[in-house]
Each structure stands twice: as structure tokens, then as C-alpha cells.
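Worksheet for the structure shown next.
Rule-based calculations on the coordinates, nothing more; no lab input. Here the structure is a predicted model, which is why all the values come from computation and not from measurement. Here the Cβ positions follow ideal geometry from the backbone for every residue, glycine too, while neighbour counts run over all protein chains shown.
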Amino acid sequence: MPPRWLIFIALLATIAAVLPFAIVARVRATPDANRGVHIFQDMVFQPKFKTQTKNPLFADQRSMRPAVLGAVARDETYIDAHYWDGTVQGEWAESLPSQLQLTDAFIKRGQERFNIYCSACHGFSGYGNGIVNQRAMALMADTNGPVAGTRWVAAKSLHDPLVREHRLGMLFNIVSNGIRNMAGYQGQITTDDRWAIACYVQALQRSQNASTQDVPPELRKDLSLLKN
Ligand code: HEC
């Protein structure tokens with residue numbers, strides 16, 4: 001066993017040896033632009049203009065520059081109103097924009113996207129009875145429940161006569177920008193897919209309002225089991 005004073009000195013020496021590193025680590029981890037000694041510059045000092053400050057380079061002295069007049073963000077051009085807004089000369093378009101083609105695969109794509117994004121509220125067949133609506137109705141029915149007294153706007157039936165009158169371009173626009181209480185899906189669904197969904201909505205509407213005349217003659221005999 002070494003003498004006590006030796007253990008004491010060894011302990012002090014160990015602490016003293018670690019201390020400088022601890023101080024350096026602490027200072028490095030604390031941001032402070034006014035720190036006197038900058039061993040590592042880390043691009044702390046560089047010429048720049050901060051937001052809301054003056055910039056004498058410009059006549060109006062604003063360092064936050066307004067967008068150049070007439071500038072259009074790439075990929076956000078609204079020049080092709082048919083493709084981007086669903087309108088042709090100010091009216092709702094009745095057909096697909098020229099860059100898209102109405103094929104089986106396109107409508108199937110629309111069906112898949114509809115089932116992902118719309119069926120939760122509107123239901124797979126579009127009658128507005130999706131699972132979200134069912135859940136909301138159940139919650140509303142509980143007068144002591146957590147949402148008692150609130151109002152629920154049910155997703156509209158896509159087979160409502162007024163909705164069936166919507167042109168393709170308007171359906172596209174509703175999917176893009178929403179309507180009244182329904183939110184838009186521009187942020188989640190690509191433009192092409194929103195057109196595919198609009199086409200599928202029309203196919204769905206047609207499917208629920210079809211007559212025997214819509215079935216090719218050679219297939220009509222298969223309908224004999226169904227009503228009308
Ligand atoms: C979160 C629930 C919800 C989702 C998801 C949803 N909708 Fe809706 N939708 C609504 C509600 C609610 C309304 C009725 C809005 C109102 O009347 O205020 C509505 C209305 C509509 C209408 C009728 C507009 C009119 O003229 O009255 C169409 C068409 C429509 N939605 C299509 C879609 C399509 C296509 C999708 C998928 C991209 C979709 N919705 C996704 C809730 C939803």
C-alpha cells in the first residue's frame with residue numbers, strides 16, 4: 001500500500017490532466033459567435049447578409065430579394081391550363097390533356113390510386129360510406145363520447161346526380177385543390193395520377209348507372225341472371 005499522500009497527489013494529477021480537455025469540449029459544444037479564440041473556424045466568419053437586414057447593394061436596400069417580376073418556378077408552370085388546372089378556354093375540360101392517353105392501364109392506375117387515397121372516405125364504390133365515415137358516424141352516435149356535439153361532413157356520394165354532372169377537368173381540379181370541406185391532394189398525388197383518378201371516378205359513375213345497352217350485345221346473355 002503506497003502512502004496516502006501519494007494516492008492523493010495521483011488523484012489530483014489525474015483530474016488536472018482531464019480538465020483542459022473537458023473545458024475545450026464544453027466550449028466547442030456551446031455556440032458563441034463572440035468567442036475570443038477560434039481555433040476551428042467552421043465557416044463562422046464569412047461575408048453574408050442576414051434576413052431582415054439592410055443591403056446597400058440594392059436601391060431598396062433589402063437583403064431579402066423579392067422574386068423577379070414574371071419569374072415562373074420550374075415544374076410549376078400554369079401555362080398549360082388543360083393539364084394543370086383542368087380547364088380549356090376557361091371551361092372545365094371534357095377530355096384528357098394531350099400528353100395523357102386513355103388506356104385500360106391508365107384507368108386501372110386510377111382505380112389503384114382511388115382505392116389508396118379516396119376510398120377511406122368515399123368508399124371503394126364511391127357511395128361515401130368509407131371506413132373513415134363509418135367510424136365518424138359511430139363516434140357521433142355516442143352522445144357521451146369524446147367528439148359529442150361536433151359536426152361531421154360526410155364524404156359525398158360520387159353517384160349524387162350533381163357530382164355525376166361534373167366534367168372530367170372539374171373532377172381533376174377537385175382531386176387537386178379539394179372542394180369545401182374536402183382537402184386537395186396536389187401534394188400527395190402526381191398530376192398524371194390525379195388525371196387517372198378523375199378518369200376512374202367517371203368509370204365508377206358509369207358503372208353504377210349503366211343500362212343493358214352499355215353491354216356489348218354478345219355479352220348481354222350473361223346478364224340474364226341480373227335484374228333488368
Ligand atoms: C378525408 C376524407 C376524404 C377523402 C380522403 C377524399 N374526400 Fe372527396 N369529399 C370529402 C368530403 C367531406 C366531401 C364533401 C365536401 C363538402 O360538401 O363540404 C367530398 C366531396 C367530393 C366530391 C364532390 C364534390 C362536389 O361537387 O360536391 C368529389 C368528386 C370528391 N370528393 C372526390 C374525391 C376523390 C377523387 C378523392 C381521392 C383523391 C377524395 N375525394 C378523397 C372527403 C374526402
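If you take the alpha carbon atoms of the range 93-214 and fit the smallest convex hull around them, that volume is 121 Å³ per residue.
The trypsin sites (Lys or Arg not before Pro) of the range 119-163 that DSSP puts in a loop, and whose beta carbon has at most 14 other beta carbons within 10 Å, are R151. Want the number for T212 to D104: 0.36 nm per residue separation, take away the alpha-carbon distance, what's left? Additional length available on full extension: 36.7 nm.
Of the residues A198, A105, A71, which exhibits the maximal mean-square fluctuation in a Gaussian network model of the chain defined by a 10 Å Cα contact cut-off? Highest fluctuation of the listed residues: A71. Relative to the Cα centre, the charge distribution of the range 166-228, modelled as +1 at Lys and Arg Cβ and -1 at Asp and Glu Cβ, gives a dipole magnitude of about 240 debye. Using a Gaussian network model of the chain in which every pair of alpha carbons under 10 angstrom is joined by a spring, one finds that among V27, V153, V175 the greatest mean-square fluctuation is at V27. Taking a ≥ b ≥ c as the square roots of the eigenvalues of the alpha-carbon gyration tensor, the range 1-100 is classed oblate because a/c is 1.5 or more while a/b is no larger than b/c. In plain terms, the chain from L69 to L6 could stretch by 14.8 nm, reckoned as 0.36 nm per residue minus the Cα-Cα distance. Counted by neighbouring Cβ atoms within 10 Å, the residues K48, K54 run from fewest to most as K48, K54. Altogether, the Stokes-Einstein calculation at 37 °C and 0.692 mPa s, with the Kirkwood radius of the chain over Cα pairs as Rh, returns a diffusion coefficient of 133 µm²/s. Under 27 Å of direct C-alpha separation, and excluding same-chain neighbours fewer than eight residues apart, K156 reaches these lysines: K108, K227. Spin-label model, V147 to T87: label points 7 Å out along the Cα-to-beta-carbon direction sit 3.4 nm apart.
When the chain is treated as a GNM, springs tying every alpha-carbon pair under 10 Å, which of I15, I116, I79 comes out with the largest mean-square fluctuation? Comparing I15, I116, I79 in the GNM, the peak value goes to I15.
Amide H contacts for R62 (H built 1.01 Å from N in the peptide plane; partners 5 or more residues away or on another chain; cut-off under 5 Å): N55.
Between V132 and K48, the FRET efficiency from the beta-carbon distance, with R0 = 41 Å, is close to 0.30. Between the helical axis of 168-177 and the longest alpha-carbon principal axis of the chain there is an angle of about 20 degrees. Between helix 104-117 and the chain there is an angle of about 60 degrees, using the helix long axis and the longest principal axis of the Cα atoms.
With contacts taken as Cα pairs under 8 Å and at least 6 residues apart, the range 64-187 reaches a relative contact order of 23 percent.
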